[in-house]
Amino acid sequence: MAESSSPYALLKVFALKVLRFVTHGSNLPSVRRFYMYLGITIAAMMVIWIPVVFFLVGVKPSYYSNWTLILPGGGAGQTVSLESVGQATANVKSPYTSHSVDPKVNYKAIASSPQVLNAAAKAAGLSKEEYGKPVIKLVDQTALIEFRHSGRTGEEAYNKSEALFSAFHLELERLRNDEQERTEESTNMMLSGFRDKLEQAQQDTLEYQAQSSIVSLEQFAELTLGLERARTTLREIIAEHDGLKTQLKTLQDTLSIQPEMAFAAINLQSDPLYIELTAKYATAAAVLAEARAQWGEKNLAVITARDIHDKLKQAMLSRVLDISGHSQVDPEKLAMIGSSGDKQLFSKLIEMHSRQQGMASQIITLEASIITQQEMLEKSTIEASRLEDLKRKLQVATAVFTTALARIDLGKSDRFATYPMVQLFSAPEKPKKPDMLPRTLALVGAALGTCIVIFGLILLWIRKPYLQKILKNV
């Protein structure tokens, strides 16, 4: 008794009953069984077809407008070289170089954002609920973004697509303008600091130039070069002066005369009175010599000739002294030189002496100038060092400010750094026919369900003999 009421025994009895029902079915007559299967078929058909009919009747056909955007993948680069200042470079990287950010995903989020959809709905003259949301698909391994918008009519679907395209572009422009304004604001603050440094560097340089003896590094360099040129000139003049001095001494030794006597001798050779006295003196000397040869020293003719000779000599020497103007000069020697010397050699001696004296004066002047320039250079060295430091700071400040300004101007030339340029690859199309795919799928599904139900009922209808035969063989 306990064994027959155990759960295992009850489960076994239930399984046998189920198996018998499957293999033998009910004991209903064939006619009643037929009507039962017919009722099951009708109920199944109603379950399948009533929702489909309501869908076909109640759901109006939809029109779809498709369009596609493309994002160019190339970056842009610009370089500007500023002479004596520096170089400015602006590079816009490709939007696909970053693995963490995909601009297509960003653009999909922007296109489906509430502000864009509200603007598109307002432009299309629809409410937000009537406008709905577009279907946006990102095509893998491409730069394409596909859009799909539905509408109750082809015109409505087309207008929704056009409105979304315009609203999407307006939102991108708003974002770009906002980015540019914020960038310019921070950039202006940065430039203000650069400008203050540049103005301070300019002010420091001008103030130092106003109180310094040199106003530019070029002036200091010219002072250094001038000193070096003066030293070179002094060495050249000293060398030339020494050579001329040697030549002058040689010529003096040859002529046995000083330049002062040579100058006086040239003047004597050009003086008519001295020439006349010289001629008379020569005649008197000849007469005296002849008288001495004929008569004795105490002869009246000799005495007379000697007196004439002495007077002419005294007159000639007096003329020599008048012309030479040098009491230290030996009149007799000068008279002899003036009477018999070479005028060209005297001129050459005088010329060389004058050149030698001029070079000596030039050497003295150059030496004094060099000393003055050396003192000025020593004084200006510290000033030039300080001025060079200020100039360097000014140049750096100028380069930083100008380069930053150039880079900002170059950066403004491309507004698509953060939000890349987007182009209309395929324009929105105006659908002429509704989309029949949902209705077709509903009919196909209902027909397939009908076939499955009928096929299942047929299998149930003919199952008995086959299953009993199989069980008997088993």
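The values are calculated or read from the model by the stated rules, or taken from the named source; none is laboratory data. Values in this document were obtained by computation on a predicted structure and should not be read as measured data. Because the Cβ atoms are built from the backbone with ideal geometry, glycine has one as well, and the counts that use them run over all protein chains shown.
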Taking segment 392-409 and the residues there that are at pLDDT 80 or above and not hydrophobic (A, V, I, L, M, F, W, C), the one that is farthest from residue 207 (Cα to Cα) would be 402
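Restrict the check to segment 253-265 and report whether at least one residue is in a helix (DSSP H, G or I) and at pLDDT 70 or above. Steps first, please.
Here is the first cut: in segment 253-265, the residues in a helix (DSSP H, G or I) are 253-255, 259-265.
Filter once more, so that each one left must be at pLDDT 70 or above: none.
No, every residue in segment 253-265 fails to be in a helix (DSSP H, G or I) and at pLDDT 70 or above.
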Take residue 146 and tell me if it is among the charged types (D, E, K, R) and surrounded by fewer than 14 Cβ atoms within 10 Å (Cβ to Cβ).
no
Quick check, is residue 384 in a helix (DSSP H, G or I) and more than 36 Å from the chain's Cα centre (by Cα)? no
Filtering segment 102-154 for residues that are in contact with a Pro (Cβ under 9 Å, 6 or more places away or on another chain), in a strand (DSSP E or B) and among the acidic types (Asp, Glu) leaves a count of 0
In segment 24-77, residues that are at pLDDT below 70 and not in a loop (DSSP other than H, G, I, E, B) total 5
Here the qualifying pairs (Cβ atoms under 8 Å; residues six or more apart or on different chains; first in segment 358-373 and surrounded by 12 or more Cβ atoms within 10 Å (Cβ to Cβ); second basic (Lys, Arg)) come out as 370/231
Would you confirm, using the coordinates I've provided, whether residue 437 is at pLDDT below 75, exposed (fewer than 13 other Cβ atoms within 10 Å of the Cβ), of a type in the set (A, V, I, L, M, F, W, C) and under 29 Å from residue 104 (Cβ atoms)? yes
Is one or more of the residues making up segment 161-176 surrounded by 13 or more Cβ atoms within 10 Å (Cβ to Cβ) and part of a loop (DSSP other than H, G, I, E, B)?
no
